[in-house]
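In what follows, a single structure is set out as structure tokens and then discussed.
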Amino acid sequence: QVQLLESGGGSVQPGGSLKLSCEASASAHWFINYYMAWFRQTPGSEREGVAGIAPSSIADYAPSVQGRFTISRDNTKHTLYLQMNDLKPEDTAMYFCARRDRPYASAEDLTPAEFNYWGQGTQVTVSS
């Protein structure tokens, strides 16, 4: 069965950096042809889109992380990354990796309902 496994979360002070990884235990075809994204969620809040990246590597970002986060993908390793810089307390959340439900489809508005494969999440905590 295909799995998406996130890693790289942890605790960091404001202004610090973390790099998240999401490895897909799947074939190159399963990963390469799909738009991938990162979402985050805090207790009591709705899941929100953070960043997404198309098969072409064109990237989309939520306004709150634009200029601070960078999403990338390594198709040979079937892995998605999220480099997070200048972290703020409001970035504290569980971060999830997800795959779009249709191949070659964009999801620049980062709507959770448009994704059908999800990882179990990795916790990011930003505090003094």
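The values are calculated or read from the model by the stated rules, or taken from the named source; none is laboratory data. From a predicted model like this one, the values you see are computed outputs, not experimental measurements. Quick reminder, even Gly has a Cβ in these numbers, built from the backbone with ideal geometry, and neighbours come from all protein chains shown. Ligands, DNA and RNA are stripped out before the accessible areas are found, and what is left, the full protein with its side chains, is counted by its heavy atoms. Shrake-Rupley method; radii C 1.70, N 1.55, O 1.52, S 1.80 Å.
Here is how the numbers come out for the structure above:
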{"quantity": "Dipole in debye (nearest 20) - region 1-72, about Cα centre, beta carbon charges: Lys, Arg +1; Asp, Glu -1", "calculated": "140 debye"}
{"quantity": "Accessible-area composition of the chain, carbon plus sulfur, in percent [1.4 Å probe]", "calculated": "48 percent"}
{"quantity": "Where Arg102, Arg68 fall by accessible area, highest first, once all protein chains stay in place (1.4 Å)", "calculated": "Arg102, Arg68"}
{"quantity": "Distance from region 1-31 to region 80-128 (C-alpha centre basis), Å", "calculated": "9 Å"}
{"quantity": "5 angstrom amide H check on Gly16, placed H, neighbours 5+ away", "calculated": "Leu87"}
{"quantity": "Per residue solvent-accessible surface (Å²) - the chain, probe of 1.4 Å", "calculated": "50 Å²"}
{"quantity": "In sequence order, calculated HN-Hα J values of region 75-89 (Karplus, 6.51, -1.76, 1.60; Hz; x Gly/Pro)", "calculated": "5, 5, 9, 6, 10, 10, 10, 9, 8, 10, 10, 6, 5, 10, x"}
{"quantity": "Amide H contacts of Thr92 (H built 1.01 Å from N, under 5 Å, at least 5 apart or other chain)", "calculated": "Val126"}
{"quantity": "Dipole moment magnitude, nearest 20 debye, region 18-118 about Cα centre, only Lys, Arg, Asp, Glu C-beta charged", "calculated": "280 debye"}
{"quantity": "Using θ = phi - 60° and Karplus 6.51 cos²θ - 1.76 cosθ + 1.60, couplings along region 60-65 (whole Hz; Gly, Pro as x)", "calculated": "10, 9, 5, x, 5, 10"}
{"quantity": "Helical contribution to [θ] at 222 nm, DSSP H n ≥ 4, -39,500 (n - 2.57), averaged over the chain, rounded to 500", "calculated": "-500 deg cm²/dmol"}
{"quantity": "Val50 long-range amide H proximity, modeled H, under 5 Å", "calculated": "Trp38, Phe39, Arg40"}
{"quantity": "Leading residue at positive end of dipole, region 1-104 (Cβ point charges), from Ser64, Gln13, Thr76", "calculated": "Thr76"}
